[in-house]
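Trainee: My questions will all concern the structure given below.
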Amino acid sequence: MVRPRRSRVAEAAVAVLLLVLSAACGSRLPESDFEDRGTPSRATEPIRVGIITSATSPVGGNAFTGPRDGAKAYFERLNARGGIDGRPVEVRLCDDGGSGVGNNECVHQLIDEDRVVALVATTALDYAGASRVSRARVPDIGGQPIGAAYDTWPHLYGIYGSLAPRNGTVGWDGKLYGGTEVYRYFKREHGARTAAVVSYNQAASAAYARLVERGLKAEGYKVVTEQVDFALPNFRAVAADLKDQGADLVFDAIDSHGNARLCAAMDDAGVELTAKVTNVQNWTSTVADDYEDAPRCRNALWATGSSRNFEDTDHEAVREFRDATEGLKTHAQWQLEGWAAAQWFTEAARSCADTDVTRACVDGWMSRSQGYTAGGLLLPVRFERLAEPPETRRTCLSVARWEDGRGWVSQGDMSSTCFDVPQLSYTP
């Protein structure tokens, strides 16, 4: 789906793929309970934050753990350097199991029992507890907007920002808006003219495919639609048709395993592409293994997003992230975004250190943190609460291409890869 920032296209893809794979309100304590204005013991008392992750969701292990791991790495390094004005950050983790019931349980545990100051890097398949977080006025900082919660509720600050009113209703009267910058990029920079969209014969997958098709047509592409059976997908037939149609680009609304099979089929059929475009969730260091049977397609993989490539170690902020996460077996863009979310909370908390690090103080700073970049890791993040959705918007994007032996190679600077594009509506 297309959404108000470039990465929203990718996030919506994540949401659809998760739906495909899983085809499968409570009271709050008074805010005053957490507004203790400081006693001598506060000087070294830990600052407690919570991280909710669908670590054991129906889509399998490690699908959602990247932001959590990046945030943990940031806080570990922060504590090793003295914490926030001498106070360590105590991280409370909660695995919601990928269910709405589990998510509500995590929200209750972290907010009412553990009394965290904020949530950081939330990555939930079903963020059922979002309204409860908002009612408790607990700032949720740098979460991954897999669903529509970050465009619905106040006090929730998604990693990519939001222009929506966030008054308890999704977007603007139930609709969200996003741009066509990804399609514009490949058309202008690489001369692409024919794009294919591959989906399953499953409702969520087909709906997302229709949205991608709409965006491509708005940018003047010839669009080829391919739909396969969810249970018995015939990717060989799709690959043969893509070759016949002369597709330049391939977008998809299928899961990671299906993508690998599609790529293998395209290699077997001799399909030559300008780009096989993937989303930020699949922007990982495991590409060589994931696509081991499709070397041609693998080297045509491109990823787009709103954060700096985790392979850009010439950039100081990326070097620090990579140095702190050196012990991880793999690296991923979601880890870098989790790191940025933890840094965002830390800057908010430091602004409150002279009084006390409370929910209200941190939330107040977050509501004023327009244009935040986490030291250059993110494109400037904004929360504007526009009364009406924009008709057009200038949007920048981060672009990288996979190359065997080099990994993900950035394609230009994300701060200058920008386009003025129309904003198209959709119902999430």
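The values are calculated or read from the model by the stated rules, or taken from the named source; none is laboratory data. No experiment lies behind these values; they were computed from the predicted model shown. Cβ atoms come from the backbone with ideal geometry, glycine included; neighbour counts cover every protein chain shown. Quick note on the areas: whole protein, heavy atoms, side chains included, nothing else; ligands and nucleic acids left out. Shrake-Rupley method; radii C 1.70, N 1.55, O 1.52, S 1.80 Å.
Trainee: Taking amide hydrogens as modeled 1.01 Å from N in the peptide plane, which residues meet the under 5 Å criterion relative to residue 378, leaving out close sequence neighbours?
Mentor: 308
Trainee: Shifting gears a bit: Once phi is turned into ³J(HN,Hα) by the Karplus curve 6.51 cos²θ - 1.76 cosθ + 1.60 with θ = phi - 60°, what whole-Hz value does each residue of region 374-384 show in order, with x for glycine and proline?
Mentor: Couplings: 6, x, x, 7, 10, 5, x, 9, 10, 10, 10 Hz.
Trainee: Ok, one more. Just to be sure I understand the model, the point goes 7 Å from the Cα along the line to the Cβ. What's the resulting residue 329 to residue 193 distance in nm?
Mentor: 4.7
Trainee: What does the C-alpha gyration tensor say about the overall shape of region 83-182? Classify as rounded when a/c is under 1.5, otherwise prolate if a/b is larger than b/c, or oblate.
Mentor: Taking the square roots of the gyration eigenvalues as a ≥ b ≥ c, region 83-182 is prolate.
Trainee: Would you mind calculating the gained length between residue 81 and residue 350 on full extension (0.36 nm times residue separation, minus the Cα-Cα distance), in nm to one decimal?
Mentor: Difference between extended and current length: 95.4 nm.
Trainee: Using the Cα centre as the reference, give the magnitude of the dipole from point charges on the C-beta atoms of the chain (Lys, Arg: +1; Asp, Glu: -1; all else neutral), rounded to the nearest 20 debye.
Mentor: 880
Trainee: A further question on this structure: Near the amide H of residue 92, under 5 Å away, which other amide H atoms are found, from residues 5 or more places off or on another chain, if H is placed in the peptide plane?
Mentor: Sorted by chain and number, the residues that satisfy this are 49, 50, 51.
Trainee: So, in Å, what gap is there between the alpha-carbon centers of region 104-177 and region 367-409?
Mentor: With region 104-177 and region 367-409 each reduced to a Cα centre, they are spaced 19 Å.
Trainee: At 0.36 nm per residue, and after removing the present C-alpha to C-alpha distance, how many nm does the segment from residue 244 to residue 406 gain when stretched out fully?
Mentor: Gain on extension, residue 244 to residue 406, equals 55.2 nm.
Trainee: Continuing with this model, one more query. For the chain, what is the percent of antiparallel DSSP beta bridges, rounded to the nearest 5?
Mentor: If we restrict to bridges inside the chain, about 40 percent are antiparallel.
Trainee: Whole number in Å², please: accessible area per residue of region 198-336, 1.4 Å probe, ligands, DNA and RNA not counted.
Mentor: 41
Trainee: What shape does region 349-428 have by the C-alpha gyration tensor, where a ≥ b ≥ c are the square roots of the eigenvalues, rounded means a/c under 1.5, and otherwise prolate means a/b greater than b/c and oblate the rest?
Mentor: It comes out oblate by the Cα gyration axes.
Trainee: While we're here: P(r) tail for region 323-375, what percent of Cα pairs lie past 16 Å?
Mentor: The calculated P(r) of region 323-375 puts 50 percent of pairs beyond 16 Å.
Trainee: Per DSSP H run of at least 4 residues, take -39500 (n - 2.57); add these up for the chain, divide by its residues and hand me the 222 nm value, nearest 500 deg cm²/dmol.
Mentor: So the helix-based figure for the chain works out to -10000 deg cm²/dmol.
Trainee: Return, ordered by residue number, the residues of region 140-155 whose backbone nitrogen is under 19 Å from a label point located 7 Å along Cα→Cβ of residue 427.
Mentor: Taking a point 7 Å out along Cα→Cβ of residue 427, the residues of region 140-155 whose backbone N falls under 19 Å are 147-149, 151-152.
Trainee: I would also like to ask the following. Nearest-5 percent of antiparallel DSSP beta bridges in region 154-265?
Mentor: Here the share of antiparallel DSSP bridges comes out near 10 percent.
Trainee: Ignoring ligands, DNA and RNA, please state the percent of accessible area on region 138-228 from carbon and sulfur, probe 1.4 Å.
Mentor: 44
Trainee: Spelling out what I want: for every residue of region 339-345, take phi, set θ = phi - 60°, compute 6.51 cos²θ - 1.76 cosθ + 1.60 (Karplus), and round to whole Hz; glycine and proline get x.
Mentor: 4, 4, 5, 5, 5, 4, 4
Trainee: With 17 Å as the cut-off, how large is the P(r) tail for region 172-305, expressed as percent of Cα-Cα pairs?
Mentor: For region 172-305, the share of Cα pairs beyond 17 Å comes to 57 percent.
Trainee: Quick one: Karplus J couplings for region 155-164, per residue in order, coefficients 6.51, -1.76, 1.60, θ = phi - 60°, nearest Hz, x for Gly and Pro?
Mentor: Working through the residues one at a time gives 6, 9, 10, x, 5, 10, x, 7, 9, 6 Hz.
Trainee: Within region 239-345, what whole-number % of the accessible surface is contributed by carbon and sulfur, with the 1.4 Å probe and all protein chains included in the calculation?
Mentor: 38
Trainee: Classify region 116-164 as rounded, prolate or oblate, taking a ≥ b ≥ c as the square roots of the eigenvalues of its Cα gyration tensor: rounded when a/c is under 1.5, otherwise prolate if a/b is larger than b/c and oblate if not.
Mentor: Judged from the Cα gyration tensor, region 116-164 comes out rounded (a/c under 1.5).
Trainee: Then there is this: How big is region 261-402 by Rg and Dmax over its Cα atoms, in Å?
Mentor: 19.1, 65
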